[in-house]
Amino acid sequence: MNDFHYRDGELWCEETPIARIAKEVGTPFYLYSDRTLKHHFRVFDEAFKDVPHIVCFAAKANSNIAILKIFINEGGGVDIVSGGELYRAMQAGVNPEKVVYSGVGKKVDEIEYALEAGILLFNVESSQELRVINECAKKLGKVAGIALRVNPDVDPGTHPHISTGLKKNKFGIDIQRSLEEYREARKLEHIDIKGVSCHIGSQVTKVSPFVDALDRLKELINFLRKDGLEIRYLDLGGGLGITYDQETAPHPSEYAKAMMDASKNMECTFIFEPGRVIAGNAGILVTEVLYTKSNEEKNFVVVDAGMNDLIRPSLYNSYHKIQRVTGEGGDEIVADVVGPICESGDYLAKGRKISRFERGDLMAVMSAGAYGFTMSSNYNSRGRIPEVLVSDDRFHVIRKRETYADLIRGETIPDYLKRTASKQV
Ligand code: LLP
């Protein structure tokens, strides 16, 4: 379900016509539906109502503090992968006891920040990291809650860039070796072993890889418990896929049922780290057509959003539906929808059958609520675009468009360069 729909041939978000927002905010911009975000969060959360659990939204998917606040208000936590994401979560008012910290490259200052904040646990990805966390906790007179992120070596059947649970991936600790690692962790005075975690990949469109991973973790947990360890949390990561085009992804209730069936009598609190399934289809990118042109081979629709705004098509060859925001559109053509960036890889859609767009038309690039803005950059010195949240018949700019001044914030010209007069040619 999502709240982007047509009324009299015009695309609306909830009770707000998108063209009206474009008129006030300018283009391009990201647009999110508050109602859809809440709905997706609730559906996921309620699917696990029979077991103790925390839904920690993966901030990497969408880290705007207003968006995080929506989930925090719903009782959610946040999955972070950096000090910056922790800062955002704290600004949004998260309960630190609902924050889990993942990632292979945590730095000392980030670890210390998380310890000071009092997060629930670190998902530890190597034995060196474990020792560094212990040292940091010792220095601060604290005890760090941890889970080892084990790599269950299952194939999630997804794009190679976003599969993470295979031996060849950099993530986690080999499941066979993890038992030994837990024994080591036990000897560390400033470490409190709280659980086990895993994350197998993203945009996973089948339930079976999750079940396989869970089966392997269950075995591990049984061993650990026999060893006398109190495993209180099982973090199953994120990764549930969504429909971008024709793919069918399991409904969260189907995923939940499979997980619950596979983990009967586990007696622990489950942690989930969904990102895409909550935010992906709750957001779109709105862009304006600048020019159209054709040669013997191709039609091009040049729009004012580029790969710096939405990099997924260029990076993963991902599919995002292209829709009209206003107007009927004429016949259909096959075209590349391209941005203003000076790279051939700068496209939002390639060889796509779309209705004929004209200069000035508004276009919606669908399913852009996750890994859209968060992966955007200032490449070609383009200011990052605004993020807008619609709630019913109102809209709120939750991040302003960056200005030229924003672009050079923090840059300085050293004095020795200022002293050098420009060469006369
Ligand atoms: N937890 C961990 C440890 C993760 O690494 C990720 C995603 C998630 C949770 C959330 O996964 P989700 O539920 O959103 O699938 N930029 C790529 C996706 C990279 C995902 C990385 N990790 C894309 O645009 O498709």
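The table that follows gives values for the structure above.
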quantity: Test: residue in the stretch 266-277 that is closer than 20 Å to VAL124 by Cβ, surrounded by fewer than 18 Cβ atoms within 10 Å (Cβ to Cβ) and either modelled with pLDDT under 95 or away from the ligand (no atom under 15 Å from the Cβ) (or both); calculated: yes
quantity: Selection count where residues are more than 18 Å from GLY239 (Cα to Cα) and within 13 Å of the ligand (Cβ to nearest atom), scope the stretch 34-52; calculated: 0
quantity: Filtered residues of the stretch 330-346 (kept if under 14 Å from PRO313 (Cα atoms) and assigned to a strand (DSSP E or B)); calculated: ASP336, VAL337, VAL338
quantity: Residue list for the stretch 95-118, restricted to those being closer than 24 Å to ILE70 by Cα, open to solvent by 20 Å² or more (accessible area, probe 1.4 Å) and either within 16 Å of the ligand (Cβ to nearest atom) or modelled with pLDDT under 95 (or both); calculated: LYS98
quantity: When residues of the stretch 121-147 are limited to those that are among the small types (Gly, Ala, Ser) and within 16 Å of the ligand (Cβ to nearest atom), the one most open to solvent (accessible area, probe 1.4 Å); calculated: SER126
quantity: Verdict on VAL55 being within 13 Å of the ligand (Cβ to nearest atom), over 25 Å from LYS142 (Cβ atoms), open to solvent by less than 20 Å² (accessible area, probe 1.4 Å) and not in a helix (DSSP H, G or I); calculated: yes
quantity: Residue within the stretch 397-405 that is in a strand (DSSP E or B), more than 30 Å from GLU247 (Cβ to Cβ) and open to solvent by 20 Å² or more (accessible area, probe 1.4 Å) present; calculated: yes
quantity: Some residue of the stretch 278-288 being open to solvent by less than 10 Å² (accessible area, probe 1.4 Å), within 13 Å of the ligand (Cβ to nearest atom) and in contact with a helix residue (DSSP H, G or I) (Cβ under 6 Å, 6 or more places away or on another chain); calculated: yes
quantity: Sole residue being at pLDDT 95 or above and in a helix (DSSP H, G or I), chosen from LEU130, LEU179, LEU148; calculated: LEU130
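The values are calculated or read from the model by the stated rules, or taken from the named source; none is laboratory data. The structure displayed is predicted, hence computed values, not measured ones. Here Cβ is always computed from backbone atoms with ideal geometry, including for glycine, and neighbour counts include all displayed protein chains. Side chains are part of the model used for accessible areas, which takes the heavy atoms of the whole protein and leaves out ligands, DNA and RNA. Shrake-Rupley method; radii C 1.70, N 1.55, O 1.52, S 1.80 Å.
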